[in-house]
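S.K.: Just passing along the structure, written as structure tokens.
The values are calculated or read from the model by the stated rules, or taken from the named source; none is laboratory data. Being a predicted model, the structure only gives us computed values, none of them experimental. Every residue, glycine as well, gets a Cβ built from its backbone with ideal geometry; the counts of neighbours run over all protein chains shown. All accessible areas refer to the heavy atoms of the entire protein, side chains included, with ligands and DNA or RNA removed. Shrake-Rupley method; radii C 1.70, N 1.55, O 1.52, S 1.80 Å.
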Amino acid sequence: MRNIQILQQSLNNLAALYRSQGRYSQAEPLYIQALDILERYLGANHPNTVTVRKNLADLRDRLNSQQ
């Protein structure tokens with residue numbers, strides 16, 4: 001379980017870095033992967049899952065505003 005937590009944290013952190021650099025298309029799949037891992041292992045309502053879901057929603061809002 002610890003390795004899974006490290007993996008999802010790394011995915012989320014890398015996605016956040018990409019988002020901060022404006023590399024949105026690279027960030028989105030990483031957020032999706034992190035969210036999938038969290039939902040599978042911690043559940044949909046766990047605080048970490050909710051945070052990553054919000055990060056993904058914020059990113060998608062930015063993508064939509066650029067179009």
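S.K.: Output the number of residues of the stretch 23-67 satisfying the condition of being free of Cβ contacts under 8 Å to residues at least 24 places away in the same chain and either crowded, with 19+ Cβ neighbours inside 10 Å or touching an Asp or Glu at 6+ places or on another chain (Cβ under 6 Å) (or both).
M.R.: 3
S.K.: Another one. Enumerate the pairs (first residue in the stretch 1-14 and closer than 15 Å to VAL52 by Cα and at pLDDT 90 or above; second residue anywhere and aromatic (Phe, Trp, Tyr) and open to solvent by less than 50 Å² (accessible area, probe 1.4 Å)) with beta-carbon separation below 8 Å, excluding pairs fewer than 6 apart on the same chain, so at least 6 apart or on different chains.
M.R.: Close Cβ pairs satisfying both conditions: LEU11/TYR31; ASN12/TYR31.
S.K.: Can I ask one more? Which one is least open to solvent (accessible area, probe 1.4 Å) among residues in the stretch 2-22 that are of a type in the set (A, V, I, L, M, F, W, C) and within 18 Å of LEU42 (Cα to Cα)? If you could, list the steps in order and put the result at the bottom.
M.R.: Keep residues of the stretch 2-22 that are of a type in the set (A, V, I, L, M, F, W, C), which gives 4, 6-7, 11, 14-17.
Subsequent filtering for residues that are within 18 Å of LEU42 (Cα to Cα) retains 4, 6-7, 11.
Values: ILE4: 48, ILE6: 75, LEU7: 89, LEU11: 23 Å².
That would be LEU11.
S.K.: Only residues that are in a loop (DSSP other than H, G, I, E, B) and of a type in the set (A, V, I, L, M): list them for the stretch 32-67, please.
M.R.: Of the residues in the stretch 32-67, the ones in a loop (DSSP other than H, G, I, E, B) are 42-46, 67.
Of everything in the stretch 32-67, those that are in a loop (DSSP other than H, G, I, E, B) and of a type in the set (A, V, I, L, M) turn out to be LEU42, ALA44.
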